Amino acid sequence: MEDDKLRTNGVKSPIIVGLDPGLTVGIAILNLRGDLVYINSIKEASHAEVIMEIMDKGKAIVIGSDVHPPPKMVKKIATALNSRLYTPERIFSVASKNELVNAFLMEKKLDISLDAHERDALAAAIKTYRHYENKLRQVESRLTSSDINEREVDEIKGLVIKGTPITNAIKKIRKPKGAEKITEKQDTKERPKEALKELLELKKRVKVQEKKIEHQKLLINRIKRQNRILRNKLRRQKRENLNLKKKIERLHYEYSKDILLNKELSSKIKLIKKLQEKYNKEKNLRENLERNINSLLEMKEFEDKGEKLPVKIVKSFTREGIKEACHQWKIKKDDVILLCNAKGGGSQTAKILTKLAPKAIITRENMSHQALGIFEDKEIPVVSEENISLEMRENFALVKAKDLENEIRAWKKKIMEKRRKKEKQKLWKIIDEYRAKRRRKH
């Protein structure tokens, strides 16, 4: 996987790029023969850094993503590099990615270790290559008996991937010698214009990237200032804590001499211990509150975006469990709730939850019939975790809004069918009773 393999006589070869965007960006590059020529993951990489990294390795013909629809970052990079964009038709599971990547590494006899970002990027690159593989094989079979060199084969493949028919692509690359002289003269005239146009375009891109970099620098400086303020505050608190500890130790030493003889000193030491315990308790409480506030802010961010909904966790299906969750998360109307443990909950605990009017309840275990009956009467959907994909966070979970809406519709349809069936049974029962009554009269 060396850079000189991607260049021939100073001309960069066409490449297929797989991208996994995020805080850490995964980049995997294949040549047009399906060989891995570069793979890496870069932490906190800007768009400009990713673009420069790809341009340094070759000419990106197509950019591949492992998710559908493609992320904004992948779209922007494909546009900036004037590359085609490929995404799979459906969601690519982790198991499928692992299977695809492992098979590829075994086939190519590559013994390398990959992190999750590199694996996802390589899976995207392999999937993209497989999509165009038949066309690339057709090009190779058409050119088997010709004297065309490897660089020209790659150029033809690149044109075919971009949509040029194979015959036209071959003609475009393999021009007659006379035509080459004519086009060379034309090129010498047109090249300065094209070069100037390309230079202006690159300057525009550089200006855009410079503005983005400037914005990032301002953001970094602001965060650094905030960090300095917080560090100073933390240092002051540490000094205060240290002074308090020294004071406690000094008092403990001063009063411990006659502790058995002097009840007043003994009570003061007890008071100090109580204060210390209270301090530790309030410190723990403050830390828990800070974590809860951070989680609530994160939930609010996802609620505003709308693509994913936060799921508030109720650890046990009991009065105490519900009370604790309400105190911690401020559960309100139309919130989504996850019941970690549905055991022990009956009609009374179900009624407590119905008063909160949640949008839906997700369960990990089977719920009692009494509780299910209460939720059905109040038309509160109950969804099994097995039927929906949850993304677990530190103190809460996330669910895709679209997936949840599908499950709620399925639940409502099931309940409507159940109710129609009950009404039908009641009607038949009335008819049967009426017929029996008629027979007894006659």
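Structure summary
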quantity	calculated
The stretch 395-436, subset aromatic (Phe, Trp, Tyr) and assigned to a helix (DSSP H, G or I), residue modelled with the lowest pLDDT	434
The stretch 129-160, subset more than 18 Å from residue 85 (Cα to Cα) and open to solvent by less than 40 Å² (accessible area, probe 1.4 Å), residue modelled with the lowest pLDDT	148
Breaking point among (1) modelled with pLDDT of 90 or more; (2) surrounded by 21 or more Cβ atoms within 10 Å (Cβ to Cβ); (3) charged (D, E, K, R), for residue 66	(1)
Candidate set: the stretch 94-128, residues that are of a type outside the set (A, V, I, L, M) and not in a helix (DSSP H, G or I); chosen: the one least open to solvent (accessible area, probe 1.4 Å)	115
Residues of the stretch 371-394 satisfying the condition of being in a strand (DSSP E or B) and under 13 Å from residue 360 (Cβ atoms)	382, 383, 384, 390
Among the candidates 281, 270, 257, 245, residue that is at pLDDT 85 or above, open to solvent by 90 Å² or more (accessible area, probe 1.4 Å) and either under 33 Å from the mean Cα position of the chain (by Cα) or not aliphatic (A, V, I, L, M) (or both)	245
Residue check for residue 325: out of contact with any strand residue (DSSP E or B) (no Cβ under 8 Å at 6 or more places or on another chain), open to solvent by less than 20 Å² (accessible area, probe 1.4 Å) and either of a type in the set (A, V, I, L, M) or over 17 Å from residue 395 (Cα atoms) (or both)	no
Breaking point among (1) assigned to a helix (DSSP H, G or I); (2) touching a Leu at 6+ places or on another chain (Cβ under 8 Å); (3) open to solvent by 10 Å² or more (accessible area, probe 1.4 Å); (4) more than 22 Å from residue 391 (Cβ to Cβ), for residue 73	(4)
Some residue of the stretch 334-356 being more than 30 Å from residue 91 (Cα to Cα), out of contact with any helix residue (DSSP H, G or I) (no Cβ under 8 Å at 6 or more places or on another chain) and buried (at least 18 other Cβ atoms within 10 Å of the Cβ)	no
Of all residues making up the stretch 115-135, the number that are in contact with an Asp or Glu (Cβ under 9 Å, 6 or more places away or on another chain) and farther than 21 Å from residue 60 by Cβ	1
Tally of residues being within 21 Å of the chain's Cα centre (by Cα), under 16 Å from residue 68 (Cβ atoms) and among the basic types (Lys, Arg) across the stretch 119-135	1
Positions within the stretch 362-385 being surrounded by 15 or more Cβ atoms within 10 Å (Cβ to Cβ) and either touching a helix residue (DSSP H, G or I) at 6+ places or on another chain (Cβ under 7 Å) or not aliphatic (A, V, I, L, M) (or both), in sequence order	362, 363, 368, 371, 374, 375, 376, 380, 381, 382, 383, 385
Set 61, 91: member being in contact (Cβ under 8 Å) with a residue 24 or more places away in the chain, open to solvent by 60 Å² or more (accessible area, probe 1.4 Å) and β-branched (Val, Ile, Thr)	91
Subset tally (residues that are open to solvent by 20 Å² or more (accessible area, probe 1.4 Å), of a type in the set (Gly, Ala, Ser) and assigned to a loop (DSSP other than H, G, I, E, B)) for the stretch 31-53	1
Complete set of residues in the stretch 60-112 that are under 16 Å from residue 126 (Cα atoms), of a type in the set (Asp, Glu) and in contact with a helix residue (DSSP H, G or I) (Cβ under 9 Å, 6 or more places away or on another chain)	66
Conditions (1) in a helix (DSSP H, G or I); (2) at pLDDT below 75; (3) open to solvent by less than 90 Å² (accessible area, probe 1.4 Å); number of the one not met by residue 219	(2)
Filtered residue count, the stretch 123-148, keeping only those that are within 21 Å of residue 36 (Cα to Cα) and without any contact (Cβ under 8 Å) to a residue 12 or more places away in the chain	3
From the options 408, 388, 430, residue that is more than 22 Å from residue 323 (Cα to Cα), out of contact with any Leu (no Cβ under 6 Å at 6 or more places or on another chain), open to solvent by 40 Å² or more (accessible area, probe 1.4 Å) and β-branched (Val, Ile, Thr)	430
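The values are calculated or read from the model by the stated rules, or taken from the named source; none is laboratory data. Since we're looking at a predicted model, the values are computed, not measured. Note: ideal-geometry Cβ built from the backbone for every residue, glycine included; neighbour counts use all protein chains shown. All accessible areas refer to the heavy atoms of the entire protein, side chains included, with ligands and DNA or RNA removed. Shrake-Rupley method; radii C 1.70, N 1.55, O 1.52, S 1.80 Å.
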